[in-house]
Amino acid sequence: MLFLTLHNESDRMKAFERIASLREQIAIMEARVKNPDAIKIINNTKSMTDDLQSTVESLFKLHEIEFEKTGAFDMKNQ
C-alpha cells in the first residue's frame, strides 16, 4: 500500500522482500511440521501467498500503467 500511495521504489521492493520472507518461513515450517492438520494449514498459507504475490504484481502493473498515462494513481479506480 505504501508504494501505491507514495510511489517510492524502495516500498515496491519491500513488498517483494516481505513475500520472499514469508515463503522462507513457510519452507522452515514445512520441513519441521509433521502434524497432518498443520500441514494443511501450511499448504493453504502457501496458496494464499501465491495469490498475494499475484495480486501485488497485478496492482503494481496497474500502478505503472496509470502512472505513465496520468502521472498519478488513484486506488479508487482499481
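Between Arg18 and Ala38, what FRET efficiency comes out of the Förster formula 1/(1 + (r/R0)^6) with R0 = 25 Å and r the beta carbon distance, rounded to 0.05? Efficiency, rounded to the nearest 0.05: 0.65. Entry note, the chain: the mean residue ellipticity at 222 nm calculated from DSSP H runs of n ≥ 4, each adding -39500 (n - 2.57), is -28500 deg cm²/dmol after division by the residues and rounding to the nearest 500.
A Cβ-based charge dipole, computed about the Cα centre of the chain with Lys and Arg at +1 and Asp and Glu at -1, lands at about 320 debye. Each of Thr45, Ser21, Val33 was scored by the projection of its Cα onto the charge dipole of the chain, and the greatest displacement toward the positive side belongs to Val33; charges sit on the C-beta of Lys, Arg, Asp and Glu. Placing a pseudo-label 7 Å from each Cα along the Cα-to-Cβ vector at Ser47 and Glu64 gives an inter-label distance of 2.9 nm.
No value in this document is a laboratory result; all are computed from the given coordinates. Because the structure is a prediction, the values reported are computed rather than measured. Cβ atoms come from the backbone with ideal geometry, glycine included; neighbour counts cover every protein chain shown.
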